[in-house]
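Report on the structure given below.
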Amino acid sequence: MALMPQPDLDEARKQHAALREIFYRGDGRLDAPLVRRVEALCRRASAAVDDAYCQQEMRLVAGYAAELFSEQGHHKYESQSLSGAEFLRLQIVKALDSFHSRLFSLDAMRRAAAMGVKPEERA
């Protein structure tokens with residue numbers, strides 16, 4: 001049985017990859033145009049998948065990115081062990097990883113449903 005393509009998940013993965021590139025490259029600089037790009041990528045990723053958890057994770061990424069860029073916003077996250085900017089970057093990476101994991105789960109659930117496997121039959 002051929003599985004149907006899942007363009008929504010593919011689009012969400014594409015947006016995730018672009019966000020990942022921004023936050024995993026490690027140069028630490030966000031400027032206003034880059035924050036706007038992050039916000040646009042988050043909106044597209046959220047719109048691609050009709051899933052509340054994915055949408056929440058993208059809201060977190062966009063919100064933390066705005067705080068990271070702001071003059072004072074990141075200072076409220078400072079601790080003895082991490083700067084506010086480091087903390088926010090880690091939270092963004094965590095949200096991106098959670099989003100990616102959820103996409104994987106959605107894909108697995110859809111594939112199981114397409115094969116006629118009921119939730120209680122899955123391992």
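Structure data summary
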read-out	value
Qualifying position, being under 15 Å from the mean Cα position of the chain (by Cα), assigned to a helix (DSSP H, G or I) and modelled with pLDDT under 95, among Val61, Val35	Val35
Residue in the stretch 82-91 that is free of Cβ contacts under 8 Å to residues at least 12 places away in the same chain and outside any helix (DSSP H, G or I) present	yes
Which numbered condition Leu30 fails, given (1) in a loop (DSSP other than H, G, I, E, B); (2) at pLDDT 95 or above; (3) of a type in the set (A, V, I, L, M)	(2)
Search result, residues across the stretch 43-95 that are of a type in the set (Gly, Ala, Ser) and touching a His at 6+ places or on another chain (Cβ under 8 Å)	Ala45, Ser83, Gly84, Ala85
Given (1) touching a Lys or Arg at 6+ places or on another chain (Cβ under 7 Å); (2) surrounded by fewer than 18 Cβ atoms within 10 Å (Cβ to Cβ); (3) under 21 Å from Asp31 (Cα atoms), index of the condition Arg43 fails	(1)
Any pair with Cβ under 7 angstrom, 6 or more apart, that starts in the stretch 28-47 at a residue that is among the polar types (S, T, N, Q) and ends at one that is part of a helix (DSSP H, G or I)	Ser46/Cys54; Ser46/Gln55; Ser46/Met58
Top-ranked residue in the stretch 69-123 [being under 15 Å from Leu19 (Cβ atoms) and of a type in the set (Phe, Trp, Tyr); ranked as nearest to the chain's Cα centre (by Cα)]	Phe99
Enumeration of residues in the stretch 62-120 that are farther than 23 Å from Ala40 by Cα, hydroxyl-bearing (Ser, Thr, Tyr) and surrounded by fewer than 16 Cβ atoms within 10 Å (Cβ to Cβ)	Ser79, Ser81, Ser83, Ser105
Test: residue in the stretch 74-93 that is out of contact with any strand residue (DSSP E or B) (no Cβ under 7 Å at 6 or more places or on another chain) and within 27 Å of Gln6 (Cβ to Cβ)	yes
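The values are calculated or read from the model by the stated rules, or taken from the named source; none is laboratory data. These numbers were taken from a predicted model, which means no experiment stands behind them. When we count neighbours, we look across all protein chains shown, and the Cβ atoms used for this are built from the backbone with ideal geometry, even at glycine.
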